[in-house]
1. Going by the conditions given, is Thr105 surrounded by 10 or more Cβ atoms within 10 Å (Cβ to Cβ) and either out of contact with any Ser or Thr (no Cβ under 6 Å at 6 or more places or on another chain) or modelled with pLDDT under 95 (or both)?
2. Return a yes/no flag: does the range 25-32 have any residue that is in contact (Cβ under 8 Å) with a residue 24 or more places away in the chain, surrounded by 10 or more Cβ atoms within 10 Å (Cβ to Cβ) and either assigned by TED's automatic domain parsing to the domain that holds Leu14 or among the aliphatic types (A, V, I, L, M) (or both).
Amino acid sequence: MRFLSLLITIPLTLLTIVFVAYNTETTEVVINPIRALPTEMPLYYVGLAAMLVGFLSGALMVWISSYRLRIDKWQETRRTAQLEKEIEAQKVKIAKLESEQARQTPPVEAIQMRQTTPMLSLED
């Protein structure tokens, strides 16, 4: 992607520099069509202004079209934070249950000892 960006940016920059270098003549430009007062300025100002307007309008269109993606990302970030809080709460519950279970169950050695000692019978 970076290579493609450079492949497009470098030639456009060179073309802009050549345009500015070769179009230094002044031209009449009417900025306000209602008053129709012509203003004289170098031709490269007109070209650069047109390029700037094109760039800014393109950037605005990209920003507007990516609105839904930004909203989705924001919602996913909020949902991720909510799920992380739930995971932490479940970890706390598990730790509490494990500690309660450890207190309630007898040690394994006591269980094994009961199983290995023979039971006394009444016949003896």
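The values are calculated or read from the model by the stated rules, or taken from the named source; none is laboratory data. None of these values were measured; they are calculated from a predicted model. No Cβ is skipped: glycine too gets one built from the backbone with ideal geometry, and neighbour counts run over all protein chains shown.
1. Details: surrounded by 10 or more Cβ atoms within 10 Å (Cβ to Cβ): yes; either out of contact with any Ser or Thr (no Cβ under 6 Å at 6 or more places or on another chain) or modelled with pLDDT under 95 (or both): yes.
Judged against the criteria, Thr105 is a match.
2. At the first step, the residues of the range 25-32 found to be in contact (Cβ under 8 Å) with a residue 24 or more places away in the chain are none.
Scanning the range 25-32 turns up no residue that is in contact (Cβ under 8 Å) with a residue 24 or more places away in the chain, surrounded by 10 or more Cβ atoms within 10 Å (Cβ to Cβ) and either assigned by TED's automatic domain parsing to the domain that holds Leu14 or among the aliphatic types (A, V, I, L, M) (or both).
Every residue, every condition in (1) in a helix (DSSP H, G or I); (2) exposed (fewer than 10 other Cβ atoms within 10 Å of the Cβ); (3) without any contact (Cβ under 8 Å) to a residue 40 or more places away in the chain, yes or no:
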| site | (1), (2), (3) |
| --- | --- |
| Ala36 | no, yes, yes |
| Thr39 | no, no, yes |
| Tyr44 | yes, no, yes |
| Gly47 | yes, no, yes |
| Leu56 | yes, no, yes |
| Leu60 | yes, no, yes |
| Trp63 | yes, no, yes |
| Arg70 | yes, no, yes |
| Lys73 | yes, no, yes |
